[in-house]
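> One structure follows; several queries about it will come next.
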Amino acid sequence: MTKEIQAGAPAVRIAGLQKWYGSFQVLHDIDLTVQPNERIVICGPSGSGKSTLIRCVNQLEAHDQGTIEVNGQVLGKSTPRMHELRRDIGMVFQHFNLFPHLTVLENCTLALRKARRLPRAEADDIARHYLGRVRIPEQQDKYPGQLSGGQQQRVAIARALCMNPKVMLFDEPTSALDPEMIKEVLEVMTDLARDGMTMLCVTHEMNFARTVADRVVFMDAGRIVEQADPETFFSAPAHPRARQFLSQLL
Amino acid sequence: MKFDLDFALSVVPFILTGLATTLWITVAASVGASVLGFTFEMLRRSNRWLGYLMRFLIDAIRSTPVLVQLYFIYFVLPVYGVTIPAAMAGVLGLSIYYSGYLAEVFKGGIDSIDAGQFEAGKALGLRRRDVIFSVILPQMLRNVAAPMGNYFVSALKATPYLAVIAVPEMLGLAMEVGSNSFRYAEPMVAVGVIFLILAVGITQLVRRLEKKLLAAHTR
């Protein structure tokens, strides 16, 4: 095939990525390209480097070698105005990380007002829109501490969406939740995927991976050992480590 | 010599002429120390070499007597052409002295904030200063309201040091009464009681503020 026309660069392009914590190498030769609107689920045993990998994508962690491009821009330690590039990369954390001193609405509007410099009324409108999308419009004046875990995580998703990111990163978004709250968060994420959001999700929710992902990336010991569409991955995993991982889950 | 209550009461109005000076110096020094201390702590965290420098500075400030610092500002700096009026020198001295302690208090207050708060701010694309002022500072203040208040009270009680550089604060005035009348018990008791009342007042104020901060956002 001939070279693709560069109408749109890949949403994320990672090539030859290496990362060390001291003398311990956490990421080995990671190559991963994510196209716009693609939904990727990254799974693997704990300690396999999944979280570190997606935290490199918005440079919460710096990588040591290799390249990371997001929305066509190269990211690294010396990238100027990194904070501006992060505005196009939404992130949802395992422990929500909502700002406890701000109301739900203020959590959502903080970056709109400080980073995008929108007036309050406009920021509030955007925030209310996304709080509606995560089905939590009635809680806008509460503080995070007054909400359930599932509600907090949905607020965190709305907070990230308010910046209208081109890519969303999810770092084990349901791992800290009680079972009955996992569903409400996954539903919101599924909606988001249906609407065409480019997503990289680190998750152990294999049903979500099966139904939503375009591609499953399986990591072990800091390497991507298998990448496949969910059907292939779940029915006929090629790598023995992936087979072992799946057999333990099911 | 018997303690003369009437005499003690009679000198109170004279001593209180220094009240305004004591209060504004306390407030200015507390504000100055807070701003300086927070700046030191932020610089300490900003990068490695500045971090070492700030660590040294904070330790140096805390490890030298406040009187030495005051004398330095008031008597040594003029030798190098920097002359500062007594009251300003006092405010500056107390600000610097307490900034060292407050920097430590702020360090603790920031350390106890979850790292996820910094990360969330960063991930949203906030500038470093917006993360500091909109995310970290408000949470830090809630953590440190009580120890901060203690240092404000401590600054109030340190204002008598300024008597040595001839700032007309309350202890200096009480000493004046003493040396004029040869009666020290009454003016000292009077000035002590005035300080006691002021300190208790500030403590109560801080407690109320702390309660308010805690109630505002149930976590």
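Values quoted throughout were computed directly from the atomic coordinates according to the rules given, and no laboratory measurement underlies them. Keep in mind the model is a prediction, meaning the values are calculated, not measured. A quick note on method: Cβ atoms are made from the backbone with ideal geometry, for glycine too, and the neighbour counts reach across all protein chains shown.
> Figure the gain on full extension for A:Asp178 and A:Leu246 (residue separation times 0.36 nm, minus the Cα-Cα span) and round it to one decimal in nm. Kindly include the intermediate steps, with their values, before the conclusion.
Values: separation 68, 0.36 × 68 = 24.48 nm, distance 2.22 nm.
Result for the pair: 22.3 nm of gain on full extension.
> Given contacts defined as C-alpha pairs under 8 Å and at least six residues apart, what's the relative contact order of the stretch A:37-144, whole-number percent? Please list the in-between numbers first.
Numbers: 65 pairs, mean separation 20.4, N = 108.
Relative contact order, the stretch A:37-144: 19 percent.
> Counting other C-beta atoms within 10 Å, which of A:Arg86, B:Arg183 has the fewest, and how do the rest follow?
B:Arg183, A:Arg86
> Could I ask something else about it? What does the average come to when, for each residue of peptide A:92-100, you count the partner chain Cβ atoms lying within 10 Å of its Cβ?
Mean partner shielding for this stretch: 5.
> Ignoring everything except DSSP H segments at least 4 long, calculate the 222 nm mean residue ellipticity for the protein assembly as shown; use -39,500 (n - 2.57) per segment, divide by total residues, nearest 500.
One gets -17500 deg cm²/dmol as the mean residue ellipticity at 222 nm.
> As an exercise, use a Förster radius of 30 Å and the Cβ-Cβ distance of B:Val82 and B:Leu16 to find the FRET efficiency, rounded to the nearest 0.05.
Efficiency, rounded to the nearest 0.05: 0.35.
> Another question about this same structure. Please rank A:Met91, B:Met148, fewest neighbouring Cβ atoms within 10 Å first, as an exposure proxy.
Sorted ascending by nearby Cβ count, the order is B:Met148, A:Met91.
> Calculate the FRET efficiency for B:Ala215 and B:Leu43 from the Cβ-Cβ distance with a Förster distance of 25 Å, rounded to the nearest 0.05.
With R0 = 25 Å, the Cβ-Cβ based efficiency is 0.15.
> By how many degrees, 0 to 90 and rounded to 10, does the Cα axis of helix B:48-62 deviate from the longest principal axis of chain B?
Long axis of B:48-62 versus the principal axis of chain B: about 20 degrees.
> Report, as an integer, the average count of C-beta atoms from other chains found within 10 Å of each Cβ along B:112-123.
Per-residue shielding by partner chains comes out at 6.
> Rounded to the nearest 10 degrees, what's the angle between the helix A:179-194 long axis and the longest principal axis of chain A, both from Cα atoms, 0 to 90?
With rounding to tens, the tilt is 80 degrees.
> Can you tell me the relative contact order of the stretch A:173-250? Whole percent, Cα pairs under 8 Å, sequence separation 6 or more.
The value is 19 percent.
> So for A:Lys142, A:Lys50, B:Lys107, A:Lys77, fewest C-beta neighbours within 10 Å to most, what's the order?
Numbers: A:Lys142 16, A:Lys50 28, B:Lys107 19, A:Lys77 9.
Fewest-to-most ranking of A:Lys142, A:Lys50, B:Lys107, A:Lys77: A:Lys77, A:Lys142, B:Lys107, A:Lys50.
> Relative to the longest principal axis of the C-alpha atoms of chain A, give the angle of the C-alpha long axis of helix A:104-114, reported between 0 and 90° and rounded to the nearest 10°.
Between the helix axis and the principal axis of chain A, the angle is about 80 degrees.
> Further question: Roughly how many debye, to the nearest 20, is the charge dipole of the protein assembly as shown about its Cα centre, given +1 on each Lys and Arg Cβ, -1 on each Asp and Glu Cβ, and no other charges?
Dipole about the Cα centre, nearest 20: 500 debye.
> Further, regarding this structure: Given Cα pairs under 8 Å that are at least 6 residues apart, what percent is the relative contact order of chain B?
Computed value for chain B: 30 percent relative contact order.
> Return the average number of partner chain Cβ atoms within 10 angstrom of each residue Cβ along peptide B:137-146. Intermediate results must be reported in sequence, preceding the final value.
Numbers: counts 1, 4, 4, 0, 1, 2, 0, 0, 0, 0.
If you average over the peptide's residues, the count of other-chain Cβ atoms is 1.
> Continuing with this model, one more query. Set the Förster radius R0 to 56 Å, insert the Cβ-Cβ distance between A:Ser148 and B:Arg208 as r into 1/(1 + (r/R0)^6), and round the FRET efficiency to 0.05.
Values: r = 32 Å, r/R0 = 0.57.
It comes to 0.95.
> Separation of the stretch B:89-118 and the stretch B:1-62 by C-alpha centroid, Å?
So the two Cα centres are separated by 13 Å.
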